[in-house]
1. Could you count how many residues in the range B:153-175 are surrounded by 19 or more Cβ atoms within 10 Å (Cβ to Cβ), assigned to a helix (DSSP H, G or I) and facing chain A (nearest Cβ under 7 Å)?
2. I need the full set of residues from the range A:37-51 which are near DNA strand C (Cβ under 8 Å from one of its atoms) and charged (D, E, K, R), in order please.
3. Among the residues of the range B:50-59, is there at least one that is within 15 Å of DNA strand D (Cβ to nearest atom), within 14 Å of chain A (Cβ to nearest Cβ), buried (at least 19 other Cβ atoms within 10 Å of the Cβ) and without any contact (Cβ under 8 Å) to a residue 60 or more places away in the chain?
4. Taking the range B:16-36, which residues are outside any helix (DSSP H, G or I) and within 11 Å of DNA strand C (Cβ to nearest atom)?
5. Does A:Val88 satisfy the condition of being facing chain B (nearest Cβ under 8 Å), within 21 Å of A:Ala73 (Cβ to Cβ) and buried (at least 20 other Cβ atoms within 10 Å of the Cβ)?
6. Could you please find all residues in the range B:23-35 being surrounded by 14 or more Cβ atoms within 10 Å (Cβ to Cβ) and more than 13 Å from DNA strand D (Cβ to nearest atom)?
Number of protein chains: 2
Amino acid sequence: MSPQRPYHHGDLRRAVLSAALDVIAAEGPSAVSLRDLARRAGVSHAAPAHHFKDRTGLLTAIAAEGYAMLATALDEAKDLRDAGVRYVRFAREHPAHFQVMFAPELLRENDLELTTARALAGKHLRDAVAAVPSSGRGPDARLAGVAAWSLAHGFATLLLSHNLEGPMGDRDPEEVFRTLTGMLFARTSGSD
Amino acid sequence: MSPQRPYHHGDLRRAVLSAALDVIAAEGPSAVSLRDLARRAGVSHAAPAHHFKDRTGLLTAIAAEGYAMLATALDEAKDLRDAGVRYVRFAREHPAHFQVMFAPELLRENDLELTTARALAGKHLRDAVAAVPSSGRGPDARLAGVAAWSLAHGFATLLLSHNLEGPMGDRDPEEVFRTLTGMLFARTSGSD
DNA sequence: CGGGCAATCTAGTCACTGTCAAGTTCCTGG
DNA sequence: CCAGGAACTTGACAGTGACTAGATTGCCCG
């Protein structure tokens, strides 16, 4: 099929995105080159620019997509612990998205699609925090959210940068994280 | 003096490092260019390569320096909480180092200076965890370390990526972090 | 059925980058 | 005083992102 490569690629946008995700997961965001992605997709060197305008535009699109996926994942969480587990799982299953999402200097921060997706993900995260009975709306509600987010985010980040392979051995990361939340939040639920 | 720029710069290595740190703090590691650093230092475009060989070599040197500084900071910590506070403080005071330290794809991982500095920092971190009375050496000692590290690292990372400015307002980050550790570790010290 | 139009892609250019190889200047040790 | 090496310069090459003008294609509307 594809006689001898038709003039129109078909779905170049998706192809470039997916190739970019591969490269980022393997060698980090700084290794993505529009020309290289074009080569992989079998199109001319400037074709990707028509879909993303910029290198920054491409990365911004990836980040926005990531926040959208994270938002739906968090939306289905039963409680705060489940949200944390889903956060970590998301980072493991979509490492490329995760990396780009938290590299603000690579993104066009005023991009509409990005900001709305991020806001939605943030809302679902706050909802999960608010759903914890005790910390419903104390003055520390925000701080509890920061604590939970820090724990999950730090764990996910250290995981992706291969810093937990020593201490964790070959245990399942999700299980380890679940244990961690148990250790930390066990008795804090009814603190005051 | 310095007639009209002597042939030898004097301390080009330090000058390039410091310029690189400025750029990284302002625009991230992907914005550093050896040629730009050379221009800032007022030397020819290839001079920096003599001290660092590579772009990767430069970043590796920065990471190693960062781990060394972090190691001394952690070494002076009184207890685990203090170590966490120092970890966060280090990230705030040396954001450029911190970013590069945890971007493995930008570094020469087999560099001797880097690996030894990192090992030393890791040792001091484990020491701080082991110094907690209860979790001296239970089977969960490692997990406690992972929990503490995740919390501090996540907090520091979110701080540097400007994700905590909303929830924290203009409170002092170190104070907030101290509160967090109080919330989480308050009653876990004598768990079993 | 077919003209035209917009989306898509090609091809060429420019300024910039990292890296290499070969020179030049300076300092130091013998 | 003068070899030799370290610090730096100069020049060149391939690869990059961004931009432009132009070619090709599919498709809508008459």
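1. Looking only at that region, the number is 5.
2. Answer for the range A:37-51, where residues must be near DNA strand C (Cβ under 8 Å from one of its atoms) and charged (D, E, K, R): there is none.
3. Looking through the range B:50-59, at least one residue is within 15 Å of DNA strand D (Cβ to nearest atom), within 14 Å of chain A (Cβ to nearest Cβ), buried (at least 19 other Cβ atoms within 10 Å of the Cβ) and without any contact (Cβ under 8 Å) to a residue 60 or more places away in the chain.
4. To start, the set of residues in the range B:16-36 that are outside any helix (DSSP H, G or I) comprises B:28, B:32-33.
Selection gives B:Val32, B:Ser33.
5. On the way: facing chain B (nearest Cβ under 8 Å): no; within 21 Å of A:Ala73 (Cβ to Cβ): yes; buried (at least 20 other Cβ atoms within 10 Å of the Cβ): yes.
So A:Val88 does not fit the description; no.
6. Those that are surrounded by 14 or more Cβ atoms within 10 Å (Cβ to Cβ) and more than 13 Å from DNA strand D (Cβ to nearest atom): B:Val23, B:Ile24, B:Ala25, B:Gly28, B:Pro29, B:Val32.
Read the figures in this text as sums done on the coordinates, not as results from a lab. This is a predicted model, so every value here is computed, not measured. Please note: Cβ atoms are built from the backbone with ideal geometry, for glycine as well, and neighbour counts cover all protein chains shown.
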